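Okay, structure first, notes after.
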Amino acid sequence: MFDDVTSLALHSALNGLSTRQQIIANNISNLDTPGFRAGRIDFESQLQSALSSGSSPAVTGTVSQSLDATGLNGNNVNLDTETLSNVETGLRYQLAIRATDDQFGLLRSALRSA
Amino acid sequence: MSIGPIAMPIMPTVPAASTLSSTGTAGASAAGSTEGFSNALSGGLDNLQQLQSTADTLAVQAATGNLTNVHDYMIAATKASVATDLTVAVRNKAVEAFNEILRMQV
Amino acid sequence: MGMFDAIGVAGTGVTTYRTWLDALSDNISNINTVRPYDQPAFQEKMVVAQAVDYTGGTGVGSGVRVESIAHGNAEGRIVYDPTNSLANKDGYVRQPDIDLGSQMTQLIMAQRGYQANLAVVDRAHEAYSAALALGRNS
């Protein structure tokens, strides 16, 4: 009942976005730590290819380190990039929550009118 | 006189549970999504026990602070709630139909 | 940590930046602290930060921590000031070897980091609140 492609894709997105928020928090807390490389997660490309090839959209993302140029102390965290990414991730997370909620809402209204 | 079995009014056919994946693996569900709403509903009935127990497990994790993702619990709880609504709706319809039949003059 | 991980991680950032701010304000307030010639000068406090990562650099990471507080030059600047009550018989005292300009620049950086981490807590709180409202209205 709940195993359709949409629900699984949304859940994968929620997991990926939640991890991304954590990675951003880690990056910002290490804004000035010498030698620190910013973390990144990419789940979108895995999700995209799973959806277009018809395989299961239950994907986990790949966590990697950013290859951006570092400053003098070896740190490559860019506060502007992280801030924008933080805001965007928060909004996308809320949107995915909303979409998941709506999926359940559809089921419930179908049940109520039965 | 013999009384035949009651046909469920909202589901004309109830496929066997084994035709549906009840563990929620997406491989079956990608095909399952083409099998129609009636299959989805009956799958929901079979799953109720498992959905409730998943929601309970995650609730305990939430209580002890070991839950990795908040949305996991919220989704599991909502699934269990919708599945319960479904079971109740089916039961109510069945009871209604039964009473309907009792009232019939023979 | 566990559930509200992003908030915990940002919390480590808030704590560490607060420690940095405290060290800087200590340095700045003691920039004119004079010591006698035969004692060490007031030493600059420097916060050594280290990333907290239990997975060896491949995972998500768990924030930052203060690994230690390093101390600056104990010799300081030897200044000829015979009128000072702490001056030795030759009239020398020790003043701290702290550059106010550098401290102010670091103060701005520390403040920026502190506020950035608070903002992360805010945004994580918003996102988690939305998750907690799942299923309420369906």
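The values are calculated or read from the model by the stated rules, or taken from the named source; none is laboratory data. As the structure is a computational prediction, the values presented were derived from the model and not from experiment. No Cβ is skipped: glycine too gets one built from the backbone with ideal geometry, and neighbour counts run over all protein chains shown.
Points to keep in mind about this one:
- Out of A:GLY54, A:GLY71, A:GLY90, A:GLY61, one residue alone is in contact with a Gly (Cβ under 7 Å, 6 or more places away or on another chain) and either closer than 13 Å to A:GLN21 by Cα or without any contact (Cβ under 8 Å) to a residue 60 or more places away in the chain (or both). It is A:GLY61.
- The set of residues in region C:85-114 that are loosely packed, with under 15 Cβ neighbours inside 10 Å and in contact with a strand residue (DSSP E or B) (Cβ under 7 Å, 6 or more places away or on another chain) comprises C:LEU86, C:ASN88, C:GLY91.
- Residues (assigned to a helix (DSSP H, G or I) and either among the aliphatic types (A, V, I, L, M) or modelled with pLDDT under 95 (or both)) located in region C:17-41: C:LEU21, C:ALA23, C:LEU24, C:ILE28
- Residue check, A:ASP3 buried (at least 20 other Cβ atoms within 10 Å of the Cβ), touching a residue at least 24 places away in the same chain (Cβ under 8 Å) and more than 16 Å from the chain's Cα centre (by Cα): no
- Members of region C:120-134 found to be crowded, with 16+ Cβ neighbours inside 10 Å and away from chain B (no Cβ under 14 Å), listed by number: C:VAL120, C:VAL121, C:ARG123
- Residues (more than 9 Å from chain C (Cβ to nearest Cβ) and either touching a Lys or Arg at 6+ places or on another chain (Cβ under 9 Å) or among the hydrophobic types (A, V, I, L, M, F, W, C) (or both)) located in region B:63-93: B:ALA63, B:ALA76, B:ALA80, B:ALA83, B:ASP85, B:LEU86, B:VAL88, B:ALA89, B:VAL90
- Selected residue (criterion: farthest from the chain's Cα centre (by Cα)) from residues of region B:79-106 that are modelled with pLDDT under 90 and among the polar types (S, T, N, Q): B:GLN105
- Among the residues of region C:114-138, those that are closer than 19 Å to A:THR19 by Cα and hydroxyl-bearing (Ser, Thr, Tyr) comprise C:TYR128, C:SER129.
- Of all the residues in region A:84-114, those that are more than 7 Å from every other protein chain (Cβ to nearest Cβ) and either in a helix (DSSP H, G or I) or of a type in the set (D, E, K, R) (or both) number 16.
- Residue within region A:5-25 that is at the interface with chain C (Cβ under 8 Å from one of its Cβ atoms) and in contact with an Asp or Glu (Cβ under 6 Å, 6 or more places away or on another chain) present: yes
- Residues satisfying the criterion are present in region A:35-49 (criterion: basic (Lys, Arg), at the interface with chain C (Cβ under 9 Å from one of its Cβ atoms) and buried (at least 19 other Cβ atoms within 10 Å of the Cβ)).
- The set of residues from region C:66-89 being in a loop (DSSP other than H, G, I, E, B) and in contact (Cβ under 8 Å) with a residue 24 or more places away in the chain comprises C:GLY72, C:ASN73, C:ALA74, C:GLU75, C:GLY76, C:ASP81, C:ASN84, C:LEU86, C:ALA87, C:ASN88.
- Of the listed requirements (1) more than 14 Å from chain C (Cβ to nearest Cβ); (2) small (Gly, Ala, Ser); (3) part of a helix (DSSP H, G or I), A:ALA69 misses just one: (3).
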